[in-house]
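Following: one structure in structure tokens, then a few remarks.
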Amino acid sequence: MSKIQEIKTAVESGKVKLIEGLVQEALDVGEKPNEILDNGMVAAMRDIGARFQANEVFVPEMLVAAKTMKKGVEVLRPHLASGSLGKLGKCIIGTVAGDLHDIGKNLVALMIESAGFEIIDLGVDVPPEKFVDALNDNPDCKLVGASALLTTTMDALEETVKTIHSGGYKDKVKIMIGGAPVTQEFADQIGADAFAPDAGSAASKAVQLVS
Ligand code: B1M
């Protein structure tokens with residue numbers, strides 16, 4: 001079994017104690033950090049999601065897989081983040097109200113940070129007003145990122161965009177949205193400035209939005 005396949009299996013089966021060693025071994029034998037992330041860990045989360053939908057695994061298994069992935073990402077972090085911190089300004093980011101998924105949001109934050117932004121991470125289940133409070137506290141911030149993983153929290157994305165706009169920031173900050181159920185069409189419909197399907201393109205879009 002390849003190292004990347006071993007990592008995928010370890011994340012899927014929630015081998016929290018083994019993951020750091022496995023990721024380090026993969027790096028040591030020259031596997032590329034992006035491939036470890038995409039073909040190992042992200043692929044594992046996709047598979048576990050499909051198995052959850054098929055009632056083959058349940059919430060506890062998803063939780064332990066998520067915990068395992070987070071530990072693995074920590075080993076990769078120094079290999080993924082390379083930009084000079086904050087040279088492009090600040091980015092406020094969070095997962096919207098009602099939504100507790102943060103792995104994708106954390107990867108997006110890591111890649112945006114790596115592109116040269118200072119990240120202000122509001123965490124998960126962030127009410128729209130908290131985005132506005134963070135903007136009030138950081139008047140020099142030009143970019144907000146909002147993530148949603150549930151079809152039921154897509155409305156909260158819309159509410160977040162509306163609240164930021166009505167809070168006086170319509171022409172002052174750019175808003176990027178993303179997450180598994182989100183599309184470009186939805187972003188256009190709710191008046192967000194950008195949509196990105198994955199962490200890599202979120203980082204490129206972030207740079208374009210402030211340039
Ligand atoms: Co949940 N969950 N979950 N879950 N979970 C999904 C999302 C689901 C698709 C699984 C399924 O049924 N196949 C399903 C949603 C169905 C739907 O809405 N249509 C689901 C469900 C139903 C639920 C619960 C309701 C289950 C329950 O309790 N019965 C519940 C809801 C809790 C809540 O939020 N209120 C729930 C709970 C959980 C856990 C807590 C157990 C855990 C999350 C742990 C954590 O995040 N700390 C969990 C997990 C792990 C998943 C799956 C398996 C994996 C998510 C993940 O981390 N993916 C997921 C299945 C799936 O996604 N296929 C599932 C890996 C990650 C790298 O990808 O997050 O898509 P992703 O991020 C990508 C892009 O989307 C994009 O870039 C990222 C990196 O490339 N992106 C952005 C994300 N944010 C962006 C922001 C941007 C730009 C791009 O700009 C700002």
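The values are calculated or read from the model by the stated rules, or taken from the named source; none is laboratory data. In this text, all values refer to a predicted model and were calculated from it rather than measured experimentally. As a convention, Cβ positions derive from the backbone with ideal geometry for all residues, glycine included, and neighbour counts pool all protein chains shown.
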For the range 179-195, indicate whether the set of residues that are within 15 Å of the chain's Cα centre (by Cα), within 7 Å of the ligand (Cβ to nearest atom) and in a helix (DSSP H, G or I) is non-empty. no
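Every residue, every condition in (1) touching a residue at least 60 places away in the same chain (Cβ under 8 Å); (2) under 17 Å from residue 77 (Cα atoms), yes or no:
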site: 11; (1), (2): yes, yes
site: 22; (1), (2): no, yes
site: 28; (1), (2): no, yes
site: 39; (1), (2): no, yes
site: 54; (1), (2): no, no
Before we move on, is residue 105 within 11 Å of the ligand (Cβ to nearest atom), charged (D, E, K, R), in contact with a Lys or Arg (Cβ under 7 Å, 6 or more places away or on another chain) and at pLDDT 95 or above? no
Return the residues of the range 144-161 that are within 16 Å of the chain's Cα centre (by Cα) and more than 6 Å from the ligand (Cβ to nearest atom); say none if nothing qualifies. 144, 148, 153, 154, 157
Return a yes/no flag: does the range 50-61 have any residue that is of a type in the set (Gly, Ala, Ser) and either more than 20 Å from residue 149 (Cα to Cα) or in contact with a Ser or Thr (Cβ under 9 Å, 6 or more places away or on another chain) (or both). no
Looking for whichever is more than 13 Å from the ligand (Cβ to nearest atom) and under 25 Å from residue 114 (Cβ atoms) here; the options are 171, 198, 140. Which one fits? 140
Can you find, within the range 140-176, the residue that is nearest to residue 122 (Cα to Cα) among those that are among the acidic types (Asp, Glu) and out of contact with any helix residue (DSSP H, G or I) (no Cβ under 6 Å at 6 or more places or on another chain)? 140
Every pair of residues 6+ apart whose Cβ atoms lie under 6 Å, when the first sits in the range 90-115 and is over 23 Å from residue 155 (Cβ atoms) while the second is more than 8 Å from the ligand (Cβ to nearest atom) and among the hydroxyl-bearing types (Ser, Thr, Tyr): 114/82
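Results for (1) on the phi < 0 side of the Ramachandran plot; (2) in contact (Cβ under 8 Å) with a residue 24 or more places away in the chain; (3) crowded, with 17+ Cβ neighbours inside 10 Å, shown as yes or no for each residue.
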| residue | (1), (2), (3) |
| --- | --- |
| 152 | yes, yes, no |
| 161 | yes, yes, yes |
| 167 | yes, yes, yes |
| 172 | yes, yes, no |
| 176 | yes, yes, yes |
| 182 | yes, yes, yes |
| 187 | yes, no, yes |
From the list 73, 59, 23, exactly one residue is within 10 Å of the ligand (Cβ to nearest atom) and surrounded by 13 or more Cβ atoms within 10 Å (Cβ to Cβ). Which is it? 73
In the range 190-211, anything farther than 24 Å from residue 38 by Cα, touching a residue at least 12 places away in the same chain (Cβ under 8 Å) and of a type outside the set (Asp, Glu) is listed as 190, 191, 192, 209, 210
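Just need a number here: residues in the range 51-92 that are within 15 Å of residue 13 (Cβ to Cβ) and in a helix (DSSP H, G or I). Full working, then the answer.
Keep residues of the range 51-92 that are within 15 Å of residue 13 (Cβ to Cβ), which gives 51-52, 56-58, 60-69, 71-72.
Applying the additional criterion that residues be in a helix (DSSP H, G or I) yields 51-52, 60-69, 71-72.
The total comes to 14.
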